[in-house]
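No value in this document is a laboratory result; all are computed from the given coordinates. These numbers were taken from a predicted model, which means no experiment stands behind them. Cβ placement follows ideal geometry from the backbone for every residue including glycine, while neighbour counts extend to all protein chains displayed.
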């Protein structure tokens, strides 16, 4: 019996394309139209791209769930987890007022920033789903992880969502895009196509 590797390469191309789209958006918004220096491409801008890509992959995961494509769901979940871990690690490297001044009140994180970080950490925990099935199903844990991801991006970005005059290049904030995609993902993870 021979197994075609075409579908796997199609998924690799799709995920590569989604990451490059995310990176392109981050570079355009922050470096071309914004004030972020090109020298910050390797960590700061890749971090933004990893966050956006993780949520794009989450939306794709919900699409696969809705269509009942279990094998693709598993592959996409790996992409969501990998991008989320990269985002967390890069964020920890950058976590200081010079990179994220809106998250700080003096030398400390303000309440909404701390709440955002808590939601992000809990979301990653639910994505990893270490709980036994008797406590929570893997699917429910993924849904809770997505809901906490929505809370994470909302706590961080909501103050700037209704100020389009501040958007570099009139490009919506990545947090707003992530919030909208996460709402769609939450809906997709709740139902299956009839």
Within region 64-115, tally of residues that are buried (at least 18 other Cβ atoms within 10 Å of the Cβ) and in contact with a strand residue (DSSP E or B) (Cβ under 9 Å, 6 or more places away or on another chain): 2
Residue match in region 127-142 (condition: surrounded by 13 or more Cβ atoms within 10 Å (Cβ to Cβ) and closer than 21 Å to residue 27 by Cα): no
